[in-house]
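The values are calculated or read from the model by the stated rules, or taken from the named source; none is laboratory data. Remember, predicted model here, so these are calculated numbers, not experimental data. Glycine also receives a Cβ, built like all others from the backbone with ideal geometry; neighbour counts cover every protein chain displayed. Protein only, heavy atoms only, side chains kept; ligands, DNA and RNA dropped before computing areas. Shrake-Rupley method; radii C 1.70, N 1.55, O 1.52, S 1.80 Å.
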Amino acid sequence: LDYVRAYKSERHYTDHLYLAKRWAKQWGQMACRDIRPDMIQAYLLKRQRTVSSFTANKELRYLRAVFNFGMHPTRNWIDSNPTRGIQFFPVDKQIKYVPPKEDVLRVILAADPDTQDYLWTIALTMGRMSEINRLTWQEVNFEQRCVVLYTRKKRGGHRTPRKVPMSAKLFEVLSRRHRNRDKAVPWVFWHRYWSRKKKKGVVGPYEDRNSIMTTLCTNARVKYFRYHALSVNRH
């Protein structure tokens with residue numbers, strides 16, 4: 001997990017942590033070398049039946065990566081990968097729902113002012129949720145009217161920057177937030193939360209805000225859509 005946190009995105013770390021807890025319940029009393037392919041296949045079949053093929057395939061990818069990590073020449077913790085040869089379940093791919101612009105605007109206007117700023121920033125930069133969560137004021141250039149977003153999507157996990165021009169609306173949103181910002185906090189969007197690790201309240205960037213869209217779509221009485229639609233329906 002320390003490796004994932006250092007080399008991958010925070011979302012990857014969160015996913016790995018959640019799945020690692022599941023696997024520990026399943027095989028926690030066993031050594032990795034004793035986990036057989038038939039055990040993994042049975043586990044994945046159960047996940048496919050009780051949840052979905054998509055979820056089972058995701059776990060297979062992560063399990064395969066974990067065992068490959070243990071087999072790496074710099075570690076040599078195990079001799080073989082028990083996921084080798086296990087096939088992915090077939091998945092019927094569906095066209096992503098793209099809501100009409102009217103629905104997107106209704107959802108944004110149904111949010112509180114802070115969340116409206118967050119949604120406008122995603123829409124007007126065409127950024128991913130994780131990129132906007134990590135955005136700091138240092139990466140906002142009002143003179144050049146651009147925002148620098150970083151992604152780890154490329155192979156190797158390196159943070160790759162890209163410049164995004166600021167539209168008039170985005171300039172308005174970010175300028176207002178900058179004027180009213182807490183100068184001690186570097187992030188454009190942040191919150192106070194209880195840290196179980198530090199056992200106290202702390203200030204930090206968001207890691208995940210998936211539940212917002214469910215609530216807003218319900219309040220706005222429109223068909224549910226995710227953050228991706230904000231970028232597709234760029235205003």
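Some notes on this structure:
- If the condition is being open to solvent by 30 Å² or more (accessible area, probe 1.4 Å) and touching a strand residue (DSSP E or B) at 6+ places or on another chain (Cβ under 8 Å), then region 99-129 contributes M126, R128.
- Of all residues in region 182-209 being part of a loop (DSSP other than H, G, I, E, B) and free of Cβ contacts under 8 Å to residues at least 24 places away in the same chain, the one that is most open to solvent (accessible area, probe 1.4 Å): R196
- Residues being closer than 18 Å to G85 by Cβ and in contact with a helix residue (DSSP H, G or I) (Cβ under 8 Å, 6 or more places away or on another chain) - total across region 48-65: 6
- Residue in region 79-97 that is nearest to K46 (Cα to Cα), counting only those that are among the charged types (D, E, K, R) and under 22 Å from the mean Cα position of the chain (by Cα): K93
- If the condition is being touching a helix residue (DSSP H, G or I) at 6+ places or on another chain (Cβ under 9 Å) and modelled with pLDDT under 90, then region 130-157 contributes S130, Y150, T151, R152, G156, G157.
- Scope region 137-154; condition surrounded by 13 or more Cβ atoms within 10 Å (Cβ to Cβ), in contact with a Lys or Arg (Cβ under 9 Å, 6 or more places away or on another chain) and assigned to a loop (DSSP other than H, G, I, E, B); matching residues: R152
- Filter result (crowded, with 16+ Cβ neighbours inside 10 Å, closer than 14 Å to F89 by Cβ and among the aliphatic types (A, V, I, L, M)) within region 16-62: I40, L44, A56, L60
- R134, sole failed condition from (1) crowded, with 19+ Cβ neighbours inside 10 Å; (2) in contact with a Leu (Cβ under 7 Å, 6 or more places away or on another chain); (3) farther than 30 Å from D34 by Cα: (2)
- Qualifying residue in region 83-97 (condition: of a type outside the set (D, E, K, R), loosely packed, with under 13 Cβ neighbours inside 10 Å and touching a Phe, Trp or Tyr at 6+ places or on another chain (Cβ under 8 Å)): yes
- Hits in region 210-231 - residues which are assigned to a loop (DSSP other than H, G, I, E, B), among the hydroxyl-bearing types (S, T, Y) and within 23 Å of L170 (Cα to Cα): Y227
- With respect to the conditions (1) touching a Phe, Trp or Tyr at 6+ places or on another chain (Cβ under 9 Å); (2) closer than 30 Å to V51 by Cβ, N68 lacks only one, and its number is (1).
- Some residue of region 71-78 being more than 25 Å from the chain's Cα centre (by Cα), part of a helix (DSSP H, G or I) and more than 30 Å from R177 (Cα to Cα): yes
- Close pairs (8 angstrom Cβ cut-off, 6 or more residues apart or separate chains): under 16 Å from Q144 (Cα atoms) and assigned to a helix (DSSP H, G or I) in region 155-177, at pLDDT below 90 and not β-branched (V, I, T) anywhere: K169/H235
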